[in-house]
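The values are calculated or read from the model by the stated rules, or taken from the named source; none is laboratory data. Given the structure is predicted, the values throughout are model-derived calculations rather than measurements. Virtual Cβ from ideal backbone geometry, glycine too; neighbours counted across all protein chains shown.
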Amino acid sequence: MSHNHCIRMSLDLKDKHITFEENFCEEKKINGVNSKVYLATLTYTPDNCPCCGMPNKDFSIVKNGFLTSRIKWVSMAHFPTYIRLKKQRFLCRNCQTTFVAESKEIHPHCFIANRVKQSIALELGDEVSLKNLSKRHFVSPTTITRVL
């Protein structure tokens, strides 16, 4: 069993396009709090361009570097957990636009994983203050209000 499978199982990550590096985890101070940061890459071969719809034939869509994002993940063992995700950028040679690889785990242009939002929504049913809930998930009270 590869380390990618073990990490995917422990984080409950379903996307097979996300792979983890050899040194996949580090402990860092983020906003003054010791945090766990997993290092991952999201890449695949797109079927067509989302802008013009051109199918990917004869290298009409090429890989064009990476865009790194820090994604908030569900806290583990009372540590805030993040995934530093290197998303593959693509260039469509037909319409000359660039786009970034997407995952079902994270909405485009968002830095909080869907799993965190689901966890917050479940706990909103309990009688817990917004401030306490935001501390527990290491997000702002405004984020809690948005999920509500």
Among PHE59, PHE90, the single one that is modelled with pLDDT of 90 or more and either farther than 25 Å from GLY32 by Cα or polar (S, T, N, Q) (or both) is PHE90
Could you please let me know if ASN34 is surrounded by fewer than 16 Cβ atoms within 10 Å (Cβ to Cβ), at pLDDT below 85 and assigned to a strand (DSSP E or B)?
no
I'm checking my understanding of the structure. Among residues of the range 1-28 that are of a type in the set (D, E, K, R) and in contact with a helix residue (DSSP H, G or I) (Cβ under 9 Å, 6 or more places away or on another chain), which one is surrounded by the fewest Cβ atoms within 10 Å (Cβ to Cβ)?
GLU22
Check whether at least one residue in the range 55-66 is of a type in the set (Lys, Arg), within 14 Å of GLN88 (Cα to Cα) and touching a residue at least 12 places away in the same chain (Cβ under 8 Å), and report yes or no.
yes
Out of ASN31, ASN94, report the one residue that is out of contact with any helix residue (DSSP H, G or I) (no Cβ under 7 Å at 6 or more places or on another chain) and more than 24 Å from SER119 (Cα to Cα).
ASN94
Please go through the range 96-127 and pick out each residue that is within 23 Å of THR145 (Cα to Cα) and aliphatic (A, V, I, L, M).
ILE106, ILE112, ALA113, VAL116, ILE120, ALA121, LEU122, LEU124
Quick test for you: out of LEU85, LEU42, LEU67, pick the one residue that is out of contact with any Asp or Glu (no Cβ under 6 Å at 6 or more places or on another chain), loosely packed, with under 15 Cβ neighbours inside 10 Å and either aromatic (Phe, Trp, Tyr) or modelled with pLDDT of 85 or more (or both).
LEU67
Going residue by residue through the range 69-84, is there one that turns out to be more than 21 Å from VAL139 (Cβ to Cβ) and either of a type in the set (Phe, Trp, Tyr) or in contact with a strand residue (DSSP E or B) (Cβ under 9 Å, 6 or more places away or on another chain) (or both)?
no
